[in-house]
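Notes to accompany the following structure.
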Amino acid sequence: MTDDESSFKPISGNVMPRFSGIATFMRLRHLLEPDGVEIGLIGVPWDGGTTNRAGARHGPRQIRDMSTMMRNVHHVSRIMPFDLCRCADLGDVPVNPIDLEDTLGRVERFYAKVHGAGTVPLTAGGDHLVTLPIMRALAKDRPVGMVHFDAHTDTWDRYFGDHFYTHGTPFRRAVEEGLLDPKRTVQIGIRGALYGGADNDWGEAQGIRVITIDEFYEMGVDNVIAEARRIVGDGATYVSFDVDGLDPVYAPGTGTPEIGGFTTFEAQRMVRGLQGLDLIGGDVVEVAPPFDPSGNTAIVGATMMFEILCVLADAVARRRAG
């Protein structure tokens with residue numbers, strides 16, 4: 001291993017205890033520029049799209065802290081992401097906490113630079129609206145598919161009449177803007193009461209495959225994975241994981257909890273089942289530490305980031321090999 005390659009490895013817990021040192025994602029090197037980085041871990045500490053319980057702006061910082069618990073080798077797949085790819089913590093997007101439109105532009109420009117450097121982004125949010133400007137950067141040239149884990153479809157139109165951008169609208173906007181291919185999109189875990197009977201109809205009418213939590217348990221994890229893989233096919237695919245897709249017993253620290261969700265183990269199995277797809281980025285969003293003083297939701301967020309990192313690293317390595 002060269003000195004340059006070793007600089008992209010996490011600090012070992014055998015060198016410096018994991019409770020010490022400056023917290024970075026997965027204990028990786030913090031870099032200000034994406035050049036030479038194959039997978040960049042990024043925070044978007046912003047919740048200006050939240051419609052009720054705010055707090056996800058604090059997610060990236062606590063996820064960073066809890067991510068020091070991650071190690072080097074996936075215990076099931078045996079993927080070693082830090083051996084497969086040059087990974088680094090690229091810091092936080094410098095968001096504007098009082099201006100939604102300005103923040104959307106800031107996020108898009110940040111990720112356009114990352115994408116232009118050939119770096120695959122893995123993001124800690126932030127509320128779910130942050131995925132829209134990320135997609136504006138990654139899908140500028142062609143629409144992408146998506147595997148979306150969530151309790152909510154996030155394909156609603158407006159809030160309070162004229163609020164076009166909220167954490168309940170990112171994927172409607174993404175489809176409308178030609179960033180997201182609805183026929184290559186699957187949403188898993190959808191549940192919860194609605195404001196109106198037609199609230200989720202728009203997405204299904206566009207061709208989005210919605211797997212409600214009831215259907216999820218009728219199908220079983222293996223069949224859900226097979227269905228997701230069938231839908232996204234072999235095209236470029238983004239993974240978006242909202243922690244409220246989990247039952248709130250596993251992730252109480254989130255803005256819009258919905259009981260009756262899938263378990264952390266089921267979530268891990270589903271993400272592992274995405275190995276082999278053409279994955280071009282991912283995120284874990286809606287971790288809101290103020291609602292979970294224990295920090296358990298943040299450790300869930302960090303662990304799901306590691307799960308996504310493993311399948312991303314596999315995808316990057318396969319593309320590099322041709």
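The values are calculated or read from the model by the stated rules, or taken from the named source; none is laboratory data. Since this is a predicted model, take the numbers as computed values, not measurements. Using ideal geometry, Cβ is built from the backbone for each residue, glycine included, and neighbour counts are taken over all protein chains shown.
Applying the set (1) out of contact with any Asp or Glu (no Cβ under 9 Å at 6 or more places or on another chain); (2) closer than 19 Å to Val76 by Cα; (3) crowded, with 24+ Cβ neighbours inside 10 Å to Gly281 leaves exactly one unmet item: (2). Total residues in the stretch 74-130 satisfying the condition of being among the small types (Gly, Ala, Ser), in contact with a helix residue (DSSP H, G or I) (Cβ under 8 Å, 6 or more places away or on another chain) and in contact (Cβ under 8 Å) with a residue 40 or more places away in the chain: the figure is 4.
Put simply, of Ile225, Ile259, Ile299, Ile280 the only residue that is of a type outside the set (Lys, Arg) and free of Cβ contacts under 8 Å to residues at least 40 places away in the same chain is Ile259. Take Glu33 and decide whether it is at pLDDT 95 or above and surrounded by fewer than 18 Cβ atoms within 10 Å (Cβ to Cβ). Considered against the rule, which asks whether it is at pLDDT 95 or above and surrounded by fewer than 18 Cβ atoms within 10 Å (Cβ to Cβ), Glu33 comes out as yes. Only a single criterion out of (1) surrounded by 24 or more Cβ atoms within 10 Å (Cβ to Cβ); (2) among the hydroxyl-bearing types (Ser, Thr, Tyr); (3) part of a helix (DSSP H, G or I) is not satisfied by Thr303, namely (1).
Counting only helices (runs of 4 or more DSSP H) that fall entirely inside the stretch 127-240 and contain at least 1 residues that are closer than 20 Å to Asp283 by Cβ and hydrophobic (A, V, I, L, M, F, W, C), the qualifying elements are 131-138, 170-176, 221-232.
Only one residue in Ile231, Ile208 is at pLDDT 95 or above and either farther than 13 Å from Asp154 by Cβ or surrounded by fewer than 18 Cβ atoms within 10 Å (Cβ to Cβ) (or both). Which one? Exactly one of Ile231, Ile208 is at pLDDT 95 or above and either farther than 13 Å from Asp154 by Cβ or surrounded by fewer than 18 Cβ atoms within 10 Å (Cβ to Cβ) (or both), namely Ile231. The set of residues in the stretch 258-274 being buried (at least 22 other Cβ atoms within 10 Å of the Cβ) and not in a helix (DSSP H, G or I) consists of Gly261, Phe262, Leu274. Listed by first and then second residue, the pairs with beta-carbon distance under 8 Å, at least 6 apart or on different chains, first residue in the stretch 186-203 and of a type in the set (Lys, Arg), second surrounded by fewer than 19 Cβ atoms within 10 Å (Cβ to Cβ), are Arg191/Thr212; Arg191/Asp214; Arg191/Gly260. The single condition from (1) over 18 Å from the mean Cα position of the chain (by Cα); (2) at pLDDT 95 or above; (3) in a loop (DSSP other than H, G, I, E, B); (4) of a type outside the set (Asp, Glu) that Gly105 fails is (3).
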